[in-house]
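The values are calculated or read from the model by the stated rules, or taken from the named source; none is laboratory data. All figures in this text were calculated on a predicted structure; none of them were measured in a lab. Because the Cβ atoms are built from the backbone with ideal geometry, glycine has one as well, and the counts that use them run over all protein chains shown. Surface accessibility is based on the protein's heavy atoms, side chains included, excluding ligands, DNA and RNA. Shrake-Rupley method; radii C 1.70, N 1.55, O 1.52, S 1.80 Å.
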Amino acid sequence: MASLVRRAIPAVGWSSSNGLWGRTSAGTVRSLSDNAVYVNVEKRDDKIAVVKMAHKPVNALNYEHLTQLKTTFEELEDDRGVKSIVVASDVPRIYSAGLDIMEMYQATDESARRFWTSLQDMWLSLYNNGKPTIAAINGASPAGGCLIACACDYRVMADVPKFTIGLNETKLGISAPFWFIDSFINVVGQRTAERALKLGTLFPPTEALRIGLVDEVVASDHVMEHAMLEAQEHMKINNVARMLTKRNVRSQTVDRFESERQNDVDMFVAFIMQDAVQASLGKYLEALKAKSK
């Protein structure tokens, strides 16, 4: 029953695999332990790889999904046949609803550490990826979904008002960790980020474009087309020069993250283990269950 509940609950917006994940002939990443498929990969003839999150119903970011994403990003970075990466969703109307709340609710110390480390690893594999990365956002993208988008080099979002994007952790009584915040500030700037983070604001596409959270807003059926065009633009630039520039621009954020990542895990575990936080998560789950009836 617990596994069924996990897949049915939208996420809150708040580990190295060592060969655990294998690749099928169709280009799909799969779990060798339970055959659960959460990531689909299409390698195109134009050397663009399309990574589609496929953890239905809302692309909740649990340990398994995060580990598959991390492994995928690392493998594509090392693949000489891939020159650019587009990160999209295979779930209609959802980019990613964010972190799976069931990974935090009633978690053990060990499971909480494993989960948070997998989130850190996934983010770093995308944020510091040497290949150009384009987010094709054709659905809602709160919290962890926004984090994935901000980790990319460029963001194209569907012009659908009910699709929103942002870091809304404070609305759930949770403070976003420093590397979420740094990623967000790097995209929209200090003042805009501070206000949005404090209020837990989710921005519709036109507002996201206005503040610079996304780079393009286009009709829903043109999101992938524009993402591909941007990927091709990045591929025209000398790869070494482009990669070194990206790494230099992002080095301060990455260096801070690396120096504080263990402390970040400790703080996360200590925070979610608090009785008040667990009670808040429990109430949120009950509200979701009531809403679904």
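Antiparallel as a % of all DSSP beta bridges within the range 29-151, to the nearest 5?
On the way: 6 of 19 bridges.
Given both bridge residues lie in the range 29-151, the antiparallel proportion sits at roughly 30 percent.
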**Message:** Residue by residue through the range 167-182, what is 3J(HN,Hα) from phi via Karplus (6.51 cos²θ - 1.76 cosθ + 1.60, θ = phi - 60°)? Round to whole Hz and write x for glycine and proline.
**Reply:** 9, 9, 4, 5, 5, 10, x, 10, 9, 5, x, 4, 7, 4, 4, 4
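Which shape class, rounded, prolate or oblate, goes with the range 36-96 when its Cα gyration tensor gives a ≥ b ≥ c as root eigenvalues, a/c under 1.5 marks rounded, and past that a/b bigger than b/c marks prolate? Don't jump to the answer; show the numbers that get you there.
Details: a/c = 2.81, a/b = 1.59, b/c = 1.77.
Oblate is the answer for the range 36-96, as a/c is 1.5 or above yet b/c matches or exceeds a/b.
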**Fill in**
Residues whose built amide H sits under 5 Å from the amide H of Ile134, excluding neighbours closer than 5 in sequence, are Ile85, Val86, Val87, Asp153
**Prompt:** Using the reciprocal of the averaged 1/r over all distinct C-alpha pairs, how large is the Kirkwood radius of the range 66-205 in Å?
**Reply:** 15.6 Å
**Built amide H within the under 5 Å cut-off of Asp100, gap 5+** = Leu61, Asn62
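Considering only DSSP states other than H, G, I, E and B, which chymotrypsin sites (Phe, Trp or Tyr not before Pro) in the range 109-202 qualify as loop sites with at most 15 other Cβ atoms within 10 Å? Walk me through the numbers before you get to the answer.
On the way: sites: Phe115, Trp116, Trp123, Tyr127, Tyr154, Phe163, Phe178, Trp179, Phe180, Phe184; in loops: Phe163.
Those that pass, being in a loop and sparsely packed, number zero.
Provide the percentage of antiparallel DSSP beta bridges, counting only those with both residues in the chain; round to the nearest 5. Kindly include the intermediate steps, with their values, before the conclusion.
Numbers: 12 of 34 bridges.
Looking only at bridges with both residues in the chain, the antiparallel portion is about 35 percent.
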**Complete:** Counting only protein heavy atoms and leaving out ligands, DNA and RNA, the solvent-accessible surface of His226 at a 1.4 Å probe, in Å² to the nearest 10, equals 50 Å²
**Fill in**
In order over the range 55-64: 3J(HN,Hα) from phi, Karplus 6.51/-1.76/1.60, θ = phi - 60°, whole Hz, x for each Gly or Pro, gives 9, 5, x, 9, 6, 4, 8, 9, 4, 5
**Prompt:** By accessible area of protein heavy atoms, probe 1.4 Å, what ranking do Met273, Met228 get, highest first?
**Reply:** Met273, Met228
**Item:** Computed over the range 244-293, Cα set: Rg, Dmax in Å
**Value:** 18.1, 52
**Asked** With labels modelled as points extended 7 Å from the Cα through the Cβ direction, what inter-label distance (nm, one decimal) is found for Leu199 paired with Met243?
**Response** 4.2 nm
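Can you give me the orientation-averaged projected area of the convex hull built on the Cα atoms of the chain, in nm²? Can you show the working numbers first?
Values: hull surface 59.1 nm².
The orientation-averaged projected area of the Cα hull of the chain comes to 14.8 nm².
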**Message:** Let me make sure I get this right: for the range 201-290, a, b and c are the square roots of the gyration tensor eigenvalues over alpha carbons, sorted descending. Under 1.5 in a/c it's rounded, otherwise prolate if a/b > b/c, else oblate. Which is it?
**Reply:** oblate
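Which value results for Rg/Rh of the range 153-267 when Rg is the Cα radius of gyration and Rh the Kirkwood radius based on the inverse mean 1/r?
Radius of gyration relative to Kirkwood radius: 1.01.
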**Request:** Determine the distance separating the Cα centre of the range 201-267 from the Cα centre of the range 36-72; give it in Å without decimals.
**Result:** 17 Å
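Past 28 Å, Cα to Cα: identify those pairs from Lys162/Lys289; Lys83/Lys198; Lys56/Lys289, in the order given.
Beyond 28 Å between Cα atoms: Lys83/Lys198.
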